[in-house]
Amino acid sequence: MTNRTADTSNASTSQTAGTAIWIALIAGLTVIGSFSFACAAPLAAVAALAALKMGRSEGLALVVTAWLVNQAVGFLLLSYPHTADSYAWGAAIGVSAVLGFLAACIATRPAMPQPLSLVIAFAAAFVTYQIGLYLAGVAFAYEGDAFSIAIVTEVLVINAVAYVAFVLVHRAAIALELVTPATQATASAAS
């Protein structure tokens with residue numbers, strides 16, 4: 001094995017371990033968010049961050065893991081009712097989070113300045129997430145006030161604060177060399 005092949009193999013193993021640590025860290029933070037905010041867990045924030053900082057498959061894994069953790073906390077620890085309606089809303093939340101991730105992936109481009117991509121990814125993920133939930137509410141003939149301006153604003157604030165925290169945690173993880181910056185990860189994979 002040549003040094004370059006060994007370096008590539010070590011970098012790949014390190015990147016995989018870093019990705020697993022990153023997914024576990026965000027899933028852990030989602031547990032805290034799920035306890036604090038129950039059904040208003042910051043899944044749009046997770047979706048936006050995953051779209052910007054990870055490859056598609058890893059980002060999708062992060063979003064699905066965060067959603068599964070949120071649902072597990074809700075049903076196992078917060079006593080969500082085990083009804084068809086609760087399961088349907090859980091599924092709608094998961095689908096909306098994945099759609100938010102895909103929208104953030106589509107809305108951002110690698111050549112965008114980072115501050116702009118941070119804002120666009122979050123806006124695309126949040127708006128798509130909320131539209132997905134609203135459409136589920138229409139399909140379920142939901143008559144509650146979950147889509148009032150006050151509640152959507154509260155969910156927006158929760159997601160925005162979480163998003164800023166996630167970005168700061170990501171920067172700390174890069175500084176500690178737990179995660180490879182997305183541009184370096186892409187360049188390493190290409191060589």
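The values are calculated or read from the model by the stated rules, or taken from the named source; none is laboratory data. Remember, it's a predicted structure, so these values are computed and weren't measured experimentally. A quick note on method: Cβ atoms are made from the backbone with ideal geometry, for glycine too, and the neighbour counts reach across all protein chains shown.
On the basis of being small (Gly, Ala, Ser), over 23 Å from residue 51 (Cβ atoms) and either out of contact with any helix residue (DSSP H, G or I) (no Cβ under 9 Å at 6 or more places or on another chain) or touching a residue at least 40 places away in the same chain (Cβ under 8 Å) (or both), does residue 141 make the cut?
Answer is yes for this residue.
Name the residues in the range 71-104 that are polar (S, T, N, Q) and under 19 Å from residue 48 (Cβ atoms), would you?
Correct list: 96 only.
Filter the range 168-182 down to the residues that are among the small types (Gly, Ala, Ser) and over 14 Å from residue 58 (Cα atoms), then identify the one that is modelled with the lowest pLDDT. Quick ask: steps written out before the conclusion?
Of the range 168-182, the ones among the small types (Gly, Ala, Ser) are 172-173, 175, 182.
This time we only want the ones that are over 14 Å from residue 58 (Cα atoms), so: 172-173, 175.
Working: 172: 83, 173: 75, 175: 83.
Only one residue tops the list, namely 173.
Would you please name the residue that is surrounded by the most Cβ atoms within 10 Å (Cβ to Cβ), looking only at residues in the range 117-135 that are of a type outside the set (Ser, Thr, Tyr) and touching a Phe, Trp or Tyr at 6+ places or on another chain (Cβ under 7 Å)?
Ranking the candidates gives 125 first.
Here's a check for you: in the range 71-102, which residue that is outside any helix (DSSP H, G or I) and polar (S, T, N, Q) is modelled with the highest pLDDT? Let's see the steps before the verdict.
Kept after step one, since they are outside any helix (DSSP H, G or I), are these residues of the range 71-102: 78-83.
Filter again for polar (S, T, N, Q), leaving 79, 83.
Details: 79: 85, 83: 94.
Checked the range 71-102; the qualifying residue modelled with the highest pLDDT is 83.
Given the structure, is residue 77 more than 15 Å from the chain's Cα centre (by Cα), more than 27 Å from residue 168 (Cα to Cα) and aliphatic (A, V, I, L, M)?
Numbers: more than 15 Å from the chain's Cα centre (by Cα): yes; more than 27 Å from residue 168 (Cα to Cα): yes; aliphatic (A, V, I, L, M): yes.
Criteria met by residue 77.
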